[in-house]
Structures are given as structure tokens and as C-alpha cells.
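Novice: Please find one structure pasted underneath; my questions will follow.
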Amino acid sequence: MGEMGEPLVRFDAVSKRFGTLTAVDCLSLDIRRGEFFALLGPSGCGKTTLLRMLAGFEAPSEGRILLDGEDIGAMPPHRRPVNMMFQNYALFPHLNVEKNVGFGLRQEKVTRAEIAERVDAMLALVRLQGYGRRRVDQLSGGQKQRVALARALIKQPRVLLLDEPLAALDKKLRAETQFELMELQRRLGTSFVIVTHDQEEAMIVADRIAVMDRGRLAQVATPEELYERPNSRWVADFIGEVSLLEGRFSAPGVFQSMIGRIEVADKTAALGETAWLALRPEKIRLGMDRPAAAANAVAGTVFETGYRGDRSVHKVRLADRSLMKVAVPNTAARGERNVATGDVVWLSWPADAGVVLTQ
Amino acid sequence: MKRSAPLRRPGDSRLVVLIPYLWLLALFLVPFVIVLKISFSQTVMALPPYRPVLDLAAGWTGLKDFAAHLTTDAYALLGSDDLYLRSYLKSLEVAGLSTALLLAIGYPIAYGIVRSPRALQPLLVMLVVLPFWTSFLIRVYAWMNILQRDGLLNDVLMRLQLIDAPRVWLSTDTAVYIGLVYSYLPFMVLPLYAVLEKLDPALLEAAADLGCTRLRAFWRVTFPLSLPGVAAGVLLCFIPITGEFVIPDLLGGSRTLMIGQTLWTEFFSNRDWPVASAIAVALLALLLVPILFYERLQKRAIGETP
Amino acid sequence: MRRTSAFNVIAVLAGLAFLYLPIGILVIYSFNASRLVTVWGGWSLAWYRELLHDDAMIAAAWTSLRIAALSATAATVLGTLAAVALTRAGRFHGRLLFSGMAYAPLVMPEVITGLSLLLLFVAMNIDRGFWTVAAAHTTLTMCFVTVIVQSRLIGFDRSLEEAALDLGCPPLRTFMTITLPLIGPAVIAGWMLAFSLSLDDLVIASFTTGPGATTLPIRIYSEVRLGVKPEINAICTIKITVVALGTIASSVIAKRGASRRAREGLGIQM
């Protein structure tokens, strides 16, 4: 999935202000051809504003937006080769399914016969054959969503924008739809840009994710890179769960923290400056006895157990009163829990288990 | 989530604004300016019955000539003759009292509708509004039917032996009040209903939970929260009633002289346009504060002003 | 809030009785053979027959209907434009004045509005008659349309318009094919209100009318000043019936539309 020349979409130092509120702050970002891109972040981080600027419903206060190298800042939304799937679907209540899906084609000079043909093909693609004559208020949530998708895709846009499309669906339907979206994107080869606050969703569907915080980009990377190599404590904490140990490097690979001396595989960190070691819960081993041969080991008391079905995430209080999170797969048959609150346990991890963060 | 307001290009929106704007300027604002100007004119036996008439073709001298002939005679008359002052005061008195009556009668009706079963409410509201769709004039006339000397009210009262001889109901202040309350009731009930309907029933449950009796809960929770509706209803009745003409004319007597009738008489009977205009200007000045207050209320209701 | 007490029931019933009793009496007495209200002379259509011969009254009714239809349509167009301007045009020069003018006729005493319009026509040397009354009524009623349409526009789901734009529909066409059909009921309600206000108006019509353009209210008023007349009862009854039938018909049509859609939906699922 390498870059084929220019990026498809480029945000160039884009800012957006509403009165005194800065929603997007001097943000630069590239979106590549054929990729499934996610804008992820907490509420108010500006991801939806960024999407709406790409769609043309908001104009940037500063900066440029380029589509295939062309500055589309001044182009009104009805002329942009970009289509959006709205969060509340925004299906026209006074038109039936066929007319909703074919609406975009009626704005172009396409014959009625061709519109009918393409509408049928699109309905088949989203698995809604035969639903053409139905009225919008007769559809279920999942069906409405597929009509909204069909309506946006039928114009073969260069980019499809999805504004929190799965928020209203229940968990099972959401999982199914996520895979359907990925299938669709792969089959069509169109770039999809999805806005979501659900990090699990972003990790599942996206090729690359842009994590945003208060109008700025925190990190842009693949899901794996984001999870395994976050670039800051904020990102490490936002994605998944993490334990953060604060300390300093006294020598290459030697991290002095509040709980003692820790061996770290990364020998490139600067010495003497404050740094943090980020450890993901599944990389830490939990045992009742002190491990014989482990690079790093520390004892603690179980503060809280969190049973999640396939695994348990325990919070363990260490000697310096800090907490570490450990994930333990529930491999024992019949889910017998052998760790309880108050138990004294040993946590251990290899030298290459953590990531060194300097911010 | 934030949204920018304009959805169309500047050219289109200018046209949308311009058409109604021009109409209102021409047929609403300009006429008022003319009323103002004529209130400063002299009465003459001519067509039109006032002087000076602005002749723009006469250029600058025409303008000076125009200004020279302006006079405050009409206003002097207004101030000197006791009749006008009494008319204004009578109008304010009638408007105030009838608005109070409308509130006293309309509030229970609106409240009653809100407490009816949900499914019944639209029907009830429609029933309250339906008389409004039949003619205003007809409804006033209907009361003439009932209140006249050999009308229904006297007939019923005599049959019930509550009175011995037919009483005079028509051409009295009482008849005017009945007519006003009857005609303006929808204007009071509808804003009240609109506000009361949106009241969260959980608030009353919370009040009960915290120890309020039904009556206390009404005065301390429901009524204060319904005040915007009360204000809208009061203004929507008080302001037009002050200038009412038809009802006092048909149902009132010679003692009920409201300012609307005075204006009408000056204009149609006395053909004194300047004085009629002066009356209108003074009435407008009197009502300016309530009108502005109402506009403010309207804007707040649709969310323009916080 | 739903527990209905006796007081509430009485309040509502008493209120409705108060509202409908005079009208009911009027209707009944239009069929009274006797001239006097106190004497019941039996059922009769005599007054209706007299009405049919009253050419002046019929002409006045026809004039009123034409003026009402014309001014209601003009007021609906202008009022809808004003409502769109106030909700969608954002900030523009003179917006304060515009919104002030748009709402003022709602509360302005009619004698003031009527006088000012007449003085305008005189100053501009416009002959008074059919067209001046129509223009005056348009000005009066457009603010009612504005209020109704505006409150519908404010609750309108903007994402529908954005979706249409996104799919390539230019702004004007979006308004005509998406927004307008969906605020249609409000626009129609505005038209009906403007129509009935115009049909009913006495004061403004009196100021702005001219020879040959007597409206029905003017005619009725001139007769009624002299006292109660049974023919007036007859024409009032006719007017009430027409309005009542119109209101019932429109609500039946609205309900039937909804049930038709429900039946279609069921049909497909079966």
C-alpha cells in the first residue's frame, strides 16, 4: 500500500475557528488512494469538523484542502466529488428507498433507465434487493444505514466520508457491519474516511488512524504502530490500556523508576531526563511466586479484579502505591478464578516489553 | 456540534432577503413615516384633506415651502381637548382589565387541556381555535344576538325569574368585556398551552417527592416556569385590545369610547386626517414599549437572543 | 401531570361551552321563522332564500373570496421567503429592522396599520379598490405565515439539506425538492390562516377599500350597526359551515394519507 505519487487528500495547515473556539488548529494530514482512514479522538477534538471541511459544509479559517492536487476550499459541497454518509443517515423521508438511492444520479445527466439499473446494482451490493419501493419509516436501523451507504456510493466518489456510522447500532450488528464496510472498501478501492470515537472500531477497520486531541494531531499511524509504539503518554493512554512508569535513564538500557531498577531493551534513550515506560497489560506476566529468570520483576497486592470473559484485567498495587494493569487470559476450564483481591502476586516482563516515551 | 449558518452562496441569499424586505419597507415602514408627516399637517377642505403636500418636483424651494407649513396643531388639539385623554385612559383601562380576565379564564383552560389524556389534546386545542377560524365579526354579532334587549339572555333570566323586566346588556361596558374576552381567548390559551405542554412532568414529581402539596407545587414550580407563556399571552392580548374598534363599536355604548373608535370617528366622520394621524402616532408611542418587549420575547422563543 | 381532576374537566368543558354557545345560538336562529329572537316560530329557510336575492351581499362575498385567495397566496410566498431569510441567511445588514417589521403586524392595532396604508395610497395617488385591499391584506397576513413557517424551519433537520447538497443538488433545487415538501404542511397552514384572516378583516379593508370593492365584512358591518337581522344569521351560518367542513376535510385527508402509507407498508411485509 505504498504511495502512488500524490496523496489523494491533503490538509495543508488547516485551522477552523468558531468565534473564540478553535476546533481545528493548524493541522496537516495526507490521506492516500485506496486506503481506509480513520479520524479518532474524544468528543470535541475536531474530527467531525475536519470531515465536514472535506465535505464542504465548513470552510477552513486558514490553510488549504487539496483533492488530487487541486485546491477545493472554494468549491461548494454539491460540486465536490466527495460523498458523505451521515450519522443520523439523513434519508429523505418523503422519498422511498429507490428514490433516495438514485437521488444523486438525478442531479447528473443520467437517463432514467441507467439510474434504475445502477440503483438495482447498488441495492444488491448492500444486500437490500427488493427493498426499492419501501418507505424510509418502514426500515430498521441497520437497513437505513445500508440505504445511506448505497446512496453515497452510487455516485462513485473519490472519497467516501463516514460520520460515526455505526454509533446507533447494537454490538453484534456493529461487528458485522464493520466487516461489511471493510469488504466493500476493498472491493471498490475507494478511499474511505471514517470518524469515530470508538478506538476498537478504528483499529478493526482502518489501514491508518489519525488520533486527534483538541484540534491537533497526536499521532498518525497504522493500528499496530499506534498500539505498540505510541508517541506520547496521551496516545498510549487513549488507545487500549497501559501502565506508565515514570523515571530516568541512569545508563543505556537502565531505567531508574520508583519501583526500582528496570531493564529496557531500547538503549537509545537520552540519559538523565525524565521519561516514561509504557507497558501494555498483556505483555506482563502474573504469578504467585517470584519468577526465577525474568529481566524485570516486582511484587504487589491485587487491588481490583476485572473479569471480562475471555480474559481478566487486574489492577495491582505496588510498593510505591502506584497501580499496574495486568491482563491474564482465562485459559483454565470453567473459568476458575485463581486470583482474588488482596492476594500478593509477582509481575514480570521482558526487557523489550515496553515503549519508552519522552512526552 | 458546531454548524455554520449560511448554506447558500451570497447571491442567492440576498434575493431571498430582498424580496420580502422591499415589500415590508414599502408597505409597512414608509406608511408609518407618512402617518408621522401627516400628523404634522394642517386640515383643509380639499382632496387630499391636508396641507402641505410634498411636491418633490418643486425642488429645494418646494422642500422649504413644505417645512414651513408643518404644524403641531393636531397635537395641540390632542392635548387640549379632554376627550382624547379620556379615550386613551379608557383604552388602557379596558385593555388592562380584559387582559386580566383573559388570564384568569384562559389559564385554567390551558392547564386543563395539558392535563387531559395525550391523545385528546390536539382535538381540544383545535376546538379552542376553531371559533377563531370562523369570522371575528360573526362572533361579536352572535353576542349582539344574545345581549340585545329582546335577546336570549334577558329571555332566559326572565324565565328563571332572576329578573322582572328586560335589562340593558348591550351598549354597556360589560358587553364590551364579554366580547373582548370571547374574541381574544385563543390568543391567551395558545401561548399558555404551548409553554405548559413542554413542562417536564418529572419536575412536579420531584416537588411532590420533596414534600410539596399539589397547590404549592403549582405556585412554586408550574406557574413560574409558565411565565414566558403568560407574558406572550398578555402582550398578544393587551396590545391589540388597546386599539380595538369593532367590539366597542358594536357592543359598547356612548360611554365606552376607546381610542380606536376615536381614531375612526376623526378619520371617517370628521374627515380630520391630521388629528387621526396624531392619534395613531400617540397610540404607537404609548404601545412602543410593550411592542418592543413582545419582539424581544418572540426572538428569545425562537432562539435568536439568549 | 396526567391525572385529570374534576376542576380541570370542568374548566375545559366550561371554556368550550362558552366558546361555542353563541355560535350555536346563531346557527339555530338562522332557521327561526320568526324575526324575533325571543319567539320561536318554527324551522324555516326563509332567511336563506332572502339571502339568495340579496345581490349586494353575494357580490360582496365574491369580492371577499377573490381578495382572500389572492392575498393569501402572495402572503404565503412573501412570508415563506421572510422565514427562510430569518433562519438561513445568517447575519445581514438591516436584519434587526427586518425582523422588527416582520413580526410587528402580529400585535399592531389594526386601526394604525389601516390608516397608514390608506395614507400611503393617497400620497402615491393610487386609486383605492380591489388591489389596494389585497395589498393591504398581504402585508397584514404575511407575518402570520412567517411565524408558522419559521417555527417549522427551526426544528427542521439540517442534515437532510446537507445530504442533498453532498449528492450534487444545487442549493435552490435542494430547497424546492427537499425543504419545501417537508415544511409543506406549515406552508399550507400559513395559507389557510392568511385566507381566513383576509376573509374576516373589517378594519383594514374599510380604510383601504374603494368604490366597487365592498367586502363581505364591510357589508355585514354596515347592516349590523342598525341592529340584529336574521339574514345576517343565515350568511354567518353558511360561513361557519364552510369553514368547519374545510377544517374537518383537511384533517381527514391528512389522516387518510397516514393510514394509506401504513397499509402499503403492511402489504409489502405480507
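Every number here is computed from the coordinates shown, using simple stated rules; none is lab data. Every value quoted in this text rests on a predicted model; they were computed, and no experiment measured them. Neighbour counts are summed over all protein chains in view; Cβ atoms, including those assigned to glycine, are modelled from backbone coordinates with ideal geometry.
Novice: Tell me which residues come under 5 Å, amide H to amide H, from residue A:41 once H is placed; ignore anything under 5 positions away on its chain.
Specialist: For residue A:41, the qualifying residues are A:196, A:212.
Novice: Could you order the peptides B:278-285, C:159-166 from most to least packed, using the average number of other C-beta atoms within 10 Å per residue?
Specialist: My ranking of the peptides, most packed first, is C:159-166, B:278-285.
Novice: Calculate, in nm to one decimal, what residue A:295 and residue A:322 gain on full extension: separation in residues at 0.36 nm each, minus their alpha carbon distance.
Specialist: Gain on stretching residue A:295 to residue A:322: 7.7 nm.
Novice: Please express the Cα-Cα pair-distance distribution P(r) of segment A:242-357 as a list of whole percents, one per 5 Å bin, running from 0 to the bin with the greatest distance.
Specialist: 2, 12, 22, 23, 18, 12, 6, 3, 1, 0
Novice: Return the sequence-ordered ³J(HN,Hα) values of segment A:220-234 in whole Hz as given by the Karplus equation 6.51 cos²θ - 1.76 cosθ + 1.60 applied to θ = phi - 60°, using x for Gly and Pro.
Specialist: 10, 6, 6, x, 5, 4, 4, 6, 7, 10, x, 9, 7, 5, 4
Novice: Using only helices, what value at 222 nm comes out for chain C when you add -39,500 (n - 2.57) per DSSP H run of length 4 or more and divide by the total residues, to the nearest 500 deg cm²/dmol? Can you show the working numbers first?
Specialist: Working: 12 runs with 203 residues, N = 270.
Result for chain C, helices only: -25000 deg cm²/dmol.
Novice: Efficiency by 1/(1 + (r/R0)^6): what FRET value for residue C:238 and residue B:150, r their Cβ-Cβ distance, R0 = 22 Å, to the nearest 0.05?
Specialist: Using R0 = 22 Å, I get an efficiency of 0.35.
Novice: To the nearest 10 degrees, how steeply does helix A:112-125 sit against the main Cα axis of chain A, on a 0 to 90 scale?
Specialist: 20
Novice: On a 0 to 90° scale, report how tilted helix A:141-153 is relative to the longest principal axis of chain A, with both axes built from alpha carbons and the result rounded to the nearest 10.
Specialist: The answer is roughly 70 degrees.
Novice: For chain C, what is the Kirkwood hydrodynamic radius in Å, using each pair of distinct C-alpha atoms?
Specialist: 22.1
Novice: Follow-up. When chain C is modelled as a GNM with alpha-carbon springs shorter than 10 Å, which of C:114, C:190, C:155 fluctuates the most?
Specialist: Judging by the Gaussian network model, the answer is C:155.
Novice: Please compute, for peptide C:86-98, the average count of beta-carbon atoms on other protein chains lying within 10 Å of each residue's beta-carbon.
Specialist: Counting Cβ atoms of other protein chains within 10 Å of each residue's Cβ and averaging gives 5.
Novice: Then there's this: Provide, in order from the shortest bin, the percent of all Cα-Cα pairs of the protein assembly as shown in each 20 Å bin, continuing until the bin that contains the maximum pair distance.
Specialist: Values per bin, smallest distances first: 11, 31, 29, 18, 9, 2, 0.
Novice: Then there's this: At what distance in nm do the modelled label points of residue C:172 and residue C:18 sit from each other, each positioned 7 Å from its Cα along Cα→Cβ?
Specialist: In this crude spin-label approximation the distance works out to 5.2 nm.
Novice: Another question, then. Within segment A:9-234, what percent of beta bridges assigned by DSSP are antiparallel, to the nearest 5?
Specialist: Counting only bridges with both partners in segment A:9-234, antiparallel ones make up about 55 percent.
Novice: Quick one: divide the alpha-carbon radius of gyration of segment A:179-325 by 2.2 N^0.38 Å and tell me what you get.
Specialist: Taking N as the residue count of segment A:179-325, the ratio is 1.26.
Novice: Could you rank the peptides A:325-331, A:98-104 by their average count of other C-beta atoms within 10 Å per residue, with the highest value first?
Specialist: Taking the mean over residues of other Cβ atoms within 10 Å, the ranking is A:98-104, A:325-331.
Novice: While we're on this one: Among the aspartates and glutamates, which fall within straight-line cross-link reach of residue A:172, defined as a Cα-Cα distance under 19 Å, with same-chain neighbours fewer than 8 residues apart omitted?
Specialist: Here the aspartates and glutamates satisfying the reach criterion relative to residue A:172 are A:164, A:180, A:183, A:198, A:200, A:201, A:310.
Novice: If eta is 0.692 mPa s and T is 37 °C, what Stokes-Einstein diffusion coefficient results for segment B:82-301, Kirkwood Rh from Cα pairs, in µm²/s? Show your work: numbers first, answer last.
Specialist: Values: Rh = 19.6 Å.
Reported coefficient: 168 µm²/s.
Novice: On to the next question. Sticking with the crude label model, points 7 Å out along Cα→Cβ, report the distance from residue B:174 to residue A:204 in nm, one decimal please.
Specialist: About 7.8 nm separates the two model spin labels.
Novice: Still on this structure: Please turn the phi angles of segment A:81-94 into ³J(HN,Hα) values with the Karplus equation 6.51 cos²θ - 1.76 cosθ + 1.60 (θ = phi - 60°), one per residue in order, whole Hz, x for glycine and proline.
Specialist: These are the phi-based 3J(HN,Hα) values: x, 10, 10, 10, 9, 7, 4, 9, 6, 6, 6, 6, x, 8 Hz.
Novice: Name the long-range amide H neighbours of residue A:8: under 5 Å, sequence gap of 5 or more, or other chain; modelled H, no Pro or chain starts.
Specialist: Sorted by chain and number, the residues that satisfy this are A:31, A:32, A:33.
Novice: Continuing with the same structure: Name the lysines eligible as straight-distance cross-link partners of residue A:47: C-alpha to C-alpha under 16 Å, and not fewer than 8 places from it in the same chain.
Specialist: Qualifying lysines at Cα under 16 Å: A:16, B:2.
Novice: In terms of Cα to Cα distance under 19 Å, which aspartates and glutamates are near enough to residue A:315, apart from those fewer than 8 places away along the same chain?
Specialist: Within the straight-line limit of under 19 Å, residue A:315 reaches these aspartates and glutamates: A:237, A:241, A:246, A:282, A:289, A:304, A:336, A:343.
Novice: On full extension of the chain, what length is gained from residue C:124 through residue C:69, given 0.36 nm per residue of separation minus the C-alpha to C-alpha distance?
Specialist: Value of the extension gain: 17.3 nm.
Novice: Sorted from fewest to most neighbouring beta carbons within 10 Å, what does the list B:209, C:54, B:150 look like?
Specialist: Ordered by Cβ neighbours within 10 Å, fewest first: B:209, B:150, C:54.
Novice: Could you tell me how many degrees, from 0 to 90 and to the nearest 10, lie between the Cα long axis of helix B:82-114 and the main elongation axis, the longest principal axis, of the Cα atoms of chain B?
Specialist: 30
Novice: OK, next. With a Förster radius of 30 Å, plug the Cβ-Cβ distance of residue A:94 and residue C:252 into 1/(1 + (r/R0)^6) and report the FRET value to the nearest 0.05.
Specialist: Efficiency, rounded to the nearest 0.05: 0.90.
Novice: Taking beta carbons within 10 Å but only from partner chains, what does the mean come to for residues B:112-125?
Specialist: Per residue, the number of nearby Cβ atoms from other chains is 3 on average.
Novice: Taking R0 as 56 Å, what's the FRET efficiency between residue B:197 and residue A:17 from their Cβ-Cβ distance, rounded to 0.05?
Specialist: My answer for the efficiency is 0.90.
Novice: While we're here: What is the average number of partner chain Cβ atoms found within 10 Å of a Cβ in C:117-129?
Specialist: 5
Novice: Still on this structure, I have one more. Pick out which of A:309, A:342, A:130 has the largest mean-square fluctuation in a Gaussian network model of chain A, springs linking Cα atoms closer than 10 Å.
Specialist: Of A:309, A:342, A:130, the most mobile in the Gaussian network model is A:309.
Novice: I want to verify a result. In a Gaussian network model of chain A, Cα cutoff 10 Å, which of these has the top mean-square fluctuation: A:345, A:211, A:242?
Specialist: Checking each option, the largest mean-square fluctuation is seen for A:345.
Novice: Normalise the Cα radius of gyration of chain A by 2.2 N^0.38 Å (N = residues in it) and let me know the number.
Specialist: Here the answer is 1.20, to two decimals.
Novice: Counting only residues 5 or more places away or on other chains, whose amide H sits under 5 Å from the amide H of residue A:296 once H atoms are built in the peptide plane?
Specialist: Placed amide hydrogens put A:349 under 5 Å from residue A:296.
Novice: Next up: Between residue A:112 and residue B:216, with labels modelled 7 Å along Cα→Cβ, what's the label distance in nm to one decimal, could you check?
Specialist: About 7.1 nm, to one decimal.
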